[in-house]
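Here's the structure we're looking at; comments come further down.
Values in this text are rule-based calculations from the coordinates and carry no lab data. Everything numeric in this text was worked out from a predicted model, so none of it was measured. Quick reminder, even Gly has a Cβ in these numbers, built from the backbone with ideal geometry, and neighbours come from all protein chains shown.
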Amino acid sequence: MNVAVLAGGVGGARFLRALTETADPAGVTAIVNVGDDLDIAGLHVAPDLDTVLYTLAGLSDEERGWGRAGETWNALDTLRELGGDGWFALGDRDLGLHLARTQALRVGEPLSAITARLAAAAGLELSLLPATDDRLRTWLETASGAFEFQEWFVRRRHADAVGGVRFEGADQAGPAPGVLAALDEADLIAIAPSNPYVSIWPILSVAPIRAAIENRRVPCVAVSPLIGGRAVKGPAAEMLDRLAGGTTPAHVASTYAGLIDVLVVDPADDPADAPVRTVVTPTLLDEPDARRRVAAAVLDVARGPVPA
Ligand code: GDP
Ligand code: CA
């Protein structure tokens, strides 16, 4: 079965792991957010692509929740001592990947081609694609001003309440090679339990990607990133509260209006008033059995009725 998945970082990676443990990874294409990418200390960093890469390759630090296991921080210590851009934590092992990516970008290789090489080198069997090869940057509007994603998230510790999001470069951005084909050839489109506003909307801000999903002939299923109205991690619940007016499955579904046919929600949430069909199953993806059940629930949707 071919499944095209829209994904951010941690929630995206956890869900992709669930899916590739259950279905043939060769049929899975991950279309990953690049709105959080940043240029720091001369390097191009793509946090969501790397979280997916490290998680699926078994290299991630599960306890810390980001970056690589067995990481050391010698280069960062030196950078800080020397007054460099040390606010964004880059581990030594992680840095090696950013060096390779930045070098390749500098000689003109597209991000999608570099990502494919890195994924193959890490032994990944799924297709890993950035949503776009073009420059796309998520901005958050807050009472203290507008901030680029990492500035808001890391440097200011996402303390500023978000009044709106915008995606710089979206007008000029096209889908990366392979993205539209993956959506077109999919038997099922899935949206990972990622933050709708800052992980999935940037992908959807690339107009042909949104159009392909709006015009789908196969079902699209999203997994809610909230459990009992709360995020497993990160600011998704606060953002939904502020921007959608609440944290129920109905509010989550409202962020994907016209784009999904089914929302998978945890038993801790009340699916009443959800504008789409809901499937209720425990959605915490922390162990193999739970992952298998969520993946099975999602894959089951492909066997259901095709949307009109
Ligand atoms: P980021 O780019 O690393 O911030 O990651 P994502 O946007 O992909 O994922 C963040 C979201 O994942 C948060 O809203 C979490 O609530 C959600 N999340 C993380 N782990 C799980 C999980 O096991 N189950 C569910 N349902 N959501 C999760
Ligand atoms: Ca992210």
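Which GluC sites (Glu not before Pro) in the range 1-74 pass both tests, a DSSP loop state and at most 15 other beta-carbon atoms within 10 Å? List each step's numbers first, then the result.
Details: sites: Glu21, Glu62, Glu63, Glu71; in loops: Glu62, Glu63, Glu71.
Passing both the DSSP loop test and the Cβ count: Glu62, Glu63.
Helix 47-56: angle to the longest alpha-carbon principal axis of the chain, degrees 0 to 90, nearest 10? The angle comes out near 70 degrees. Principal axis extents of the Cα atoms in the range 178-295, from largest to smallest and rounded to whole angstrom, are 36, 34, 25. Would you please state which residues of the range 13-39 a label at Arg303 would reach in this model, taking the label point 7 Å out along Cα→Cβ and a backbone N cut-off of under 19 Å? Within reach of a label on Arg303: 19-25, 27-28.
Find which of Gly163, Leu243, Leu299 sits farthest along the positive direction of the dipole of the chain, computed with +1 on the beta-carbon of Lys and Arg, -1 on that of Asp and Glu, about the Cα centre. Projecting each Cα onto the dipole axis, the largest value belongs to Leu299. For the range 104-182, a crude dipole built from +1 on the beta carbon of Lys and Arg and -1 on the beta carbon of Asp and Glu, taken about the Cα centre, is about 220 debye to the nearest 20.
Stokes-Einstein D for the range 2-53 at 37 °C, 0.692 mPa s, Kirkwood Rh over Cα pairs, in µm²/s?
Details: Rh = 11.6 Å.
The diffusion coefficient I find is 284 µm²/s.
With the convex hull constructed from alpha-carbon coordinates only, the chain shows a mean projected area of 15.0 nm² over all directions. For the chain, the mean residue ellipticity at 222 nm estimated from helices alone is -10000 deg cm²/dmol, where every DSSP H run of n ≥ 4 contributes -39500 (n - 2.57) and the total is divided by all residues, rounded to the nearest 500.
Label positions at Asp273 and Ala211, each projected 7 Å from the Cα along the C-beta direction, are separated by 3.5 nm.
Pairs of alpha-carbon atoms within less than 8 angstrom and 6+ residues apart define the contacts here; what relative contact order does the range 61-180 have, in percent?
It rounds to 20 percent for the range 61-180.
Dipole of the range 109-243, Cα-centred, from +1 at each Lys and Arg C-beta and -1 at each Asp and Glu C-beta, to the nearest 20 debye? Present the calculation step by step, with values, prior to reporting the outcome.
On the way: 13 positive and 16 negative charges, 82 e Å.
Dipole magnitude for the range 109-243 comes out near 400 debye.
Remark: the range 130-137, residue by residue, has Karplus-estimated 3J(HN,Hα) of x, 4, 8, 8, 8, 6, 9, 9 Hz, where x stands for each Gly or Pro and the curve is 6.51 cos²θ - 1.76 cosθ + 1.60 at θ = phi - 60°. When the Cα positions of Gly83, Thr51, Val107 are compared along the charge dipole of the range 51-107, Val107 comes out farthest toward the positive end, with charges on each C-beta of Lys, Arg, Asp and Glu. Here the gap between Glu287 and Asp85, fully extended at 0.36 nm per residue and compared with their Cα-Cα distance, gives a gain of 69.0 nm. The shape of the range 22-129 can be summarised by an equivalent ellipsoid whose semi-axes, obtained from the alpha carbon gyration tensor, come to 25, 17, 11 Å from longest to shortest.
Across the chain, Cα pairs under 8 Å and at least six residues apart give a relative contact order of 19 percent.
Look at the dipole of the range 1-123 built from charges on Cβ: of Gly96, Val34, Thr22, the Cα furthest out on the positive end belongs to Thr22. Between helix 10-22 and the chain there is an angle of about 60 degrees, using the helix long axis and the longest principal axis of the Cα atoms.
With both bridge residues required to lie in the chain, what share of the DSSP beta bridges run antiparallel, to the nearest 5%?
Numbers: 17 of 40 bridges.
Restricted to the chain, the bridges split so that about 45 percent are antiparallel.
Taking the Cα centre of the chain as origin and charging only Cβ (+1 Lys, Arg; -1 Asp, Glu), how large is the dipole, in debye to the nearest 20?
Working: 26 positive and 41 negative charges, 47 e Å.
The calculation lands at about 220 debye.
Please give the peptides 87-98, 286-297 ranked by average Cβ packing (other Cβ atoms within 10 Å per residue), highest first, as a rough proxy for protection. Walk me through the numbers before you get to the answer.
Details: 87-98: 17.3, 286-297: 15.6.
In decreasing order of mean packing, 87-98, 286-297 become 87-98, 286-297.
Where does the Debye-calculated log10 I(q)/I(0) of the range 198-249 sit at q = 0.31 Å⁻¹, using only Cα point scatterers of equal weight, no solvent? Per q value, in the given order, log10 I(q)/I(0) is -1.13. Here the relative contact order of the range 201-293, from alpha carbon pairs under 8 Å that lie six or more residues apart, stands at 25 percent.
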